[in-house]
Amino acid sequence: MIANKLIKHKTTNIPAINVGFFITGLAVFFITGCSLKKTSDKQVFYYNESTGTATLDPAFAKNQSIMWPVHQLYNTLVEIDSGLNIVPSVAKSWDISSDRLTYTFHLRTGIVFHDNEVFPHGKGRELTAKDVAYSLQRIIDKTTASSGAWIFNNRVDTSKGFKALDDSTFQLTLLRPFHPIMGILSMQYCSIVPKEAVEKYGKDFRRHPCGTGPFQLASWDEGEAMILHKNDHYWEKDSSGKSLPYLDAVKISFFDNKATEFLQFRQGELSFINDIDPSFKDEILTKKGELRSQWAGKILLKKHPYLNTEYFGILVDENNPLVKNTATGIKAVRQAMNYAINRQQLMMYMRNSIGIPAEAGFVPGGLPSRNTELVKGYHYDPAKAKQLLAQAGFPDGKGLPPIKLLTINIYADIASFAARQLEEVGIPVKVEVIQKSLLLEQTAKSQALFFRGSWIADYPDAENYMAMFYSKNPAPPNYTRYKNPAFDILYEKALLENNDSVRYQLYRDMDQIVINDAPVLPIWYDMAFHLVQPNIKGFYPNALNLLELRKTSIFR
């Protein structure tokens, strides 16, 4: 075990990782059962990850449970601020060639990797441009088998795409202009790692992360707890010159039950929770999404729109046997389905108003293209739905066979709510709840005719959402197998357009085409929803729902 460690945790059959040979002078916390006994004034932030964390290798940072700890351990060339602007990180500045194919990044000096036994004397060495080139090349290396390999597909020149010009200058070369590339470089996939650590630990690098981030791994008992300690050599400072982060440690638990998580939070054992078990929503929130009066001063409610669209998808590939001779293959029927759902009512009664009814385009709000303001979507209009059904040859739904809606357990109530409303206009729907892994498999293989889905932005650009409907893209991201030549022309034109205003208009035009063709039923634009203990300062949700802890602190 770690001597003088900040947190002492229960042991399990899986041995903890100990990197505490360089962690000194830290206070002790004791965990007994589910109770945390705080014995010092050290600042420790506690949160729970109900789905567990599969890896700490950024090459596999494909979901929130991985992205959140990876964001604490690593840095990227650039990052996205609270206003969705690209700002410097490891790169202090950059130049873009006139043809927008070559990006030259000038790196900060003096940034060092965490202390690790792979380095001489166990002391972290300085990050250089070679580390950046290695880290990005590693993503597309087939032997890595990174889930993020797609981010550079047909975008980066693989022969000379990642180049270190000198220790502090890195150059990226594209095959063709691609405006969202800076946003892609901010993704956790693009975290900078040292080659020595990857080669030493091999596949076990997932348990031996080594980055330049504000925290470093102290121990990890898989399925039990993960502990991150402050990186005393972290390079960032706040506006007053004080070193970041303010916290001394982060402790992540892995209770897989959301109800248990909420009870832990209510007992003060967790600093915050992200979302809440549905069975407790009405106890905490009004139907308008406000904190009930009895909780005022006891907990803080923080919510903020973030780039996620929740939707029902419809497979529309006319060559797929599942689609042939189905009513959902008819555009008027799909439009009727969109008009049949009362999104305002669904949000109030099923979500306690956490989220925004998706009555515009598929692209959520918050992006400079302003799709939610300027794209015309569907509002609740059962009469219009019935009119469209009659137009399609199904007056009052007569002759319509039942449609199977696939969903996962946590969205079963929402799927059932929508199914009832569809049935009210004459569209029979049968909800089938399946495992998430099976749903992902069936949508990827185009085996799901009608399914629940969500799309969280990988980077803050409407192109990321429109890529879901580009016919040349596979599933993912084109789960509906949507194909419209007019859309494809606009999409390809947008990729080459240098004028932001023109490109944003192309995004809106594409979004309107998709909404009119209705391969999807957008249901709501999501919100980051956090319940926070009142003694937590400097902790705010953001549009990408990243866990940002560099400026978080705890007061007594």
Top-ranked residue in region 147-175 [being closer than 20 Å to N478 by Cβ and either in the same structural domain as D458 (by TED's automatic domain parsing) or not polar (S, T, N, Q) (or both); ranked as surrounded by the fewest Cβ atoms within 10 Å (Cβ to Cβ)]
A149
Counting only helices (runs of 4 or more DSSP H) wholly inside region 265-357, the ones holding at least 1 residues that are in contact with a Ser or Thr (Cβ under 8 Å, 6 or more places away or on another chain) are 331-340, 343-351
Within region 494-509, does at least one residue satisfy the condition of being at negative phi, at pLDDT below 95, among the charged types (D, E, K, R) and outside any helix (DSSP H, G or I)?
yes
From P177, P214, residue being over 25 Å from D526 (Cα atoms), touching a strand residue (DSSP E or B) at 6+ places or on another chain (Cβ under 8 Å) and not charged (D, E, K, R)
P214
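In the list A448, A418, A457, A390, which residue meets the criterion of being over 16 Å from L521 (Cβ atoms), hydrophobic (A, V, I, L, M, F, W, C) and modelled with pLDDT of 95 or more?
Values: A448 fails: over 16 Å from L521 (Cβ atoms); A418 fails: over 16 Å from L521 (Cβ atoms); A457 fails: modelled with pLDDT of 95 or more.
So the residue among A448, A418, A457, A390 that is over 16 Å from L521 (Cβ atoms), hydrophobic (A, V, I, L, M, F, W, C) and modelled with pLDDT of 95 or more is A390.
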Write out, first by first residue and then by second, each pair whose Cβ atoms fall under 7 Å of each other, whose residues are 6+ apart or on separate chains, and whose first residue, in region 426-451, is touching a residue at least 60 places away in the same chain (Cβ under 8 Å) and under 19 Å from P519 (Cα atoms) while the second is in a helix (DSSP H, G or I) and of a type in the set (G, A, S).
I427/A336; I427/A340; I427/G397
Condition broken by Y507, with the remaining ones in (1) surrounded by fewer than 21 Cβ atoms within 10 Å (Cβ to Cβ); (2) within 18 Å of P460 (Cβ to Cβ) satisfied
(1)
Residues that are over 18 Å from R550 (Cα atoms), over 17 Å from the mean Cα position of the chain (by Cα) and not acidic (D, E), drawn from region 36-84
L36, K37, K38, T39, S40
Which residue is surrounded by the fewest Cβ atoms within 10 Å (Cβ to Cβ), if the candidates are limited to region 301-322 and must be aliphatic (A, V, I, L, M) and modelled with pLDDT under 95?
L322
Can you tell me which residue is nearest to the chain's Cα centre (by Cα) among those in region 218-253 that are over 17 Å from R550 (Cβ atoms) and of a type in the set (A, V, I, L, M)?
M226
Flag for E373 being acidic (D, E) and more than 29 Å from E463 (Cβ to Cβ)
no
Answer yes or no as to whether D488 is within 18 Å of H179 (Cα to Cα) and surrounded by fewer than 19 Cβ atoms within 10 Å (Cβ to Cβ).
yes
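Taking K203, is it closer than 30 Å to A494 by Cα, without any contact (Cβ under 8 Å) to a residue 60 or more places away in the chain and either in a loop (DSSP other than H, G, I, E, B) or not assigned by TED's automatic domain parsing to the domain that holds Y465 (or both)? Working first, answer last.
Numbers: closer than 30 Å to A494 by Cα: no; without any contact (Cβ under 8 Å) to a residue 60 or more places away in the chain: yes; either in a loop (DSSP other than H, G, I, E, B) or not assigned by TED's automatic domain parsing to the domain that holds Y465 (or both): yes.
Judged against the criteria, K203 is not a match.
Collect the residues in region 519-556 that are at positive phi and small (G, A, S), keeping them in residue-number order.
Passing the criteria: only G538.
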Within region 54-100, can you find the residues that are of a type in the set (S, T, N, Q) and either crowded, with 18+ Cβ neighbours inside 10 Å or at pLDDT below 95 (or both)?
T55, N63, Q64, S65, Q72, N75, T76, S82, N85, S89, S98
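Being among the polar types (S, T, N, Q), touching an Asp or Glu at 6+ places or on another chain (Cβ under 8 Å), in contact (Cβ under 8 Å) with a residue 12 or more places away in the chain and surrounded by 16 or more Cβ atoms within 10 Å (Cβ to Cβ) is true for just one of T144, T128. Which residue is that?
Values: T144 fails: touching an Asp or Glu at 6+ places or on another chain (Cβ under 8 Å).
Within the list T144, T128, the selection yields T128.
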Top-ranked residue in region 413-450 [being under 19 Å from Y482 (Cα atoms) and charged (D, E, K, R); ranked as surrounded by the most Cβ atoms within 10 Å (Cβ to Cβ)]
E441
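Just a yes or no: is a residue in region 59-67 under 29 Å from A259 (Cα atoms) and either in contact with a Leu (Cβ under 6 Å, 6 or more places away or on another chain) or without any contact (Cβ under 8 Å) to a residue 24 or more places away in the chain (or both)?
Filtering region 59-67 down to residues under 29 Å from A259 (Cα atoms) leaves 60-67.
Narrowing the set further to residues that are either in contact with a Leu (Cβ under 6 Å, 6 or more places away or on another chain) or without any contact (Cβ under 8 Å) to a residue 24 or more places away in the chain (or both) leaves 63, 65.
The answer is yes; a qualifying residue exists.
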Criterion first (in contact with a strand residue (DSSP E or B) (Cβ under 6 Å, 6 or more places away or on another chain) and either closer than 18 Å to P357 by Cα or hydrophobic (A, V, I, L, M, F, W, C) (or both)) does A390 satisfy it?
no
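With farther than 22 Å from T443 by Cα, outside the structural domain of A418 (by TED's automatic domain parsing) and not acidic (D, E) as the only criterion, which of G366, G297, G355 stands out? Outline the logic, then answer.
On the way: G366 fails: outside the structural domain of A418 (by TED's automatic domain parsing); G355 fails: outside the structural domain of A418 (by TED's automatic domain parsing).
Unique residue meeting the criteria: G297.
Taking E310 as the residue in question, decide whether it is under 18 Å from A457 (Cα atoms) and in the same structural domain as P522 (by TED's automatic domain parsing). I'd like the intermediate steps shown before the answer.
Values: under 18 Å from A457 (Cα atoms): yes; in the same structural domain as P522 (by TED's automatic domain parsing): yes.
Spelling it out, E310 is indeed under 18 Å from A457 (Cα atoms) and in the same structural domain as P522 (by TED's automatic domain parsing).
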Members of region 176-214 found to be touching a Gly at 6+ places or on another chain (Cβ under 8 Å) and either surrounded by fewer than 17 Cβ atoms within 10 Å (Cβ to Cβ) or small (G, A, S) (or both), listed by number
S191
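The values are calculated or read from the model by the stated rules, or taken from the named source; none is laboratory data. The structure displayed is predicted, hence computed values, not measured ones. Cβ atoms come from the backbone with ideal geometry, glycine included; neighbour counts cover every protein chain shown.
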